[in-house]
1. Please work out the C-alpha center-to-center distance from region 16-89 to region 121-193 and express it in whole Å.
2. 7 Å from Cα along Cα→Cβ at both Gln44 and Phe71: what's the point-to-point distance in nm?
3. Taking 2.2 N^0.38 Å as the expected size of a compact globular protein, what ratio does the Cα radius of gyration of region 31-95 give against it, to two decimals?
4. Relative contact order (percent) for the chain, with alpha-carbon contacts under 8 angstrom and 6 or more residues of separation?
5. For region 11-115, which trypsin sites (Lys or Arg not before Pro) are both in a DSSP coil and crowded by at most 15 other Cβ atoms within 10 Å?
6. Based solely on its DSSP helices, what 222 nm [θ] is calculated for the chain when runs of n ≥ 4 H residues each add -39,500 (n - 2.57) and the sum is averaged over all residues, nearest 500 deg cm²/dmol?
7. Please sort by residue number the GluC sites (Glu not before Pro) in region 129-160 whose DSSP state is loop and whose Cβ has at most 10 other Cβ atoms within 10 Å.
8. Using a 1.4 angstrom probe on heavy atoms only, work out the carbon and sulfur share of the accessible area of region 19-60 in %.
Amino acid sequence: MKIIVVGATGTIGKFVVSALQDQHEVIAVGNRGGKFQVDITDSQSIRALFDKTGRFDALIATVGKVHFGDFAKLTEKEVEIGIRSKLMGQVNLVLIGRDHMNDGGSFTLTTGVLAQDPIRSGACASLANGALESFAIAAAIELPRGLRINVVSPGLLDESLASYGPFFPGHETVPGKRVAKAYVKSALGHQTGQIYRVL
Ligand SMILES: NC(=O)c1ccc[n+]([C@@H]2O[C@H](COP(=O)([O-])OP(=O)(O)OC[C@H]3O[C@@H](n4cnc5c(N)ncnc54)[C@H](OP(=O)(O)O)[C@@H]3O)[C@@H](O)[C@H]2O)c1
């Protein structure tokens, strides 16, 4: 299976690539690294990516920035960062990518625990995650040609504890290797419209 991983050079993406690369043709895409580069906030850049990769069987997105900051001072511009990147970036990977995907292919998007379990300073992440999950369950009932779409919603990774731990007091962390299994299940399984919460 030819599988594009957008965000392949990141913390989650690296685990996903290593879970799949022995048995599949994995195309690693990053913003600066990877075999190909894309800026998911720019739809022209996404179109250019698929022109280079050619048709594929699965697309996994482990990508998307959001602003973290005190709600009392939160601005429209800060909210828009997550909408343009994590939400619309992944939505556009689907809207543009569907025409380049082989019949029966699958999209797997990434949200996160903050959709259901908010933290202080995390409103922008919760917003993008919730919207993306609702988009995916709706897209699943209308995608043509047997195309599927699922979401992986991880808790804080063990490997990200040093960077984000202070924002997540009392949260259980989850090993990246276990998170990667949900992406494998989505891409190689037959389910659609699912949100795999790995907590
Ligand atoms: N880490 C966690 O504990 C955790 C938990 C739950 C949810 N999540 C979510 O999972 C996603 C990935 O998190 P992560 O920790 O793996 O992130 P990360 O380590 O920062 O990696 C980000 C990846 O996205 C790429 N990237 C950055 N900006 C991009 C852009 N504009 N266009 C295309 N690619 C871009 C990076 O490419 P380069 O390396 O080439 O710059 C890298 O491959 C995020 O949405 C995050 O909210 C993470």
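1. If we compute the Cα centre of each part, the gap is 14 Å.
2. 3.9 nm
3. Dividing the Cα Rg of region 31-95 by 2.2 N^0.38 Å gives 1.29.
4. About 21 percent, as a whole number.
5. Arg32, Lys35, Arg55
6. That calculation yields -11000 deg cm²/dmol at 222 nm.
7. Passing sites in region 129-160 are Glu142.
8. For region 19-60, the apolar C and S fraction of the accessible surface comes to 39 percent.
The values are calculated or read from the model by the stated rules, or taken from the named source; none is laboratory data. Values in this document were obtained by computation on a predicted structure and should not be read as measured data. All Cβ positions, glycine included, derive from the backbone under ideal geometry; neighbour counts span all protein chains shown. Protein only, heavy atoms only, side chains kept; ligands, DNA and RNA dropped before computing areas. Shrake-Rupley method; radii C 1.70, N 1.55, O 1.52, S 1.80 Å.
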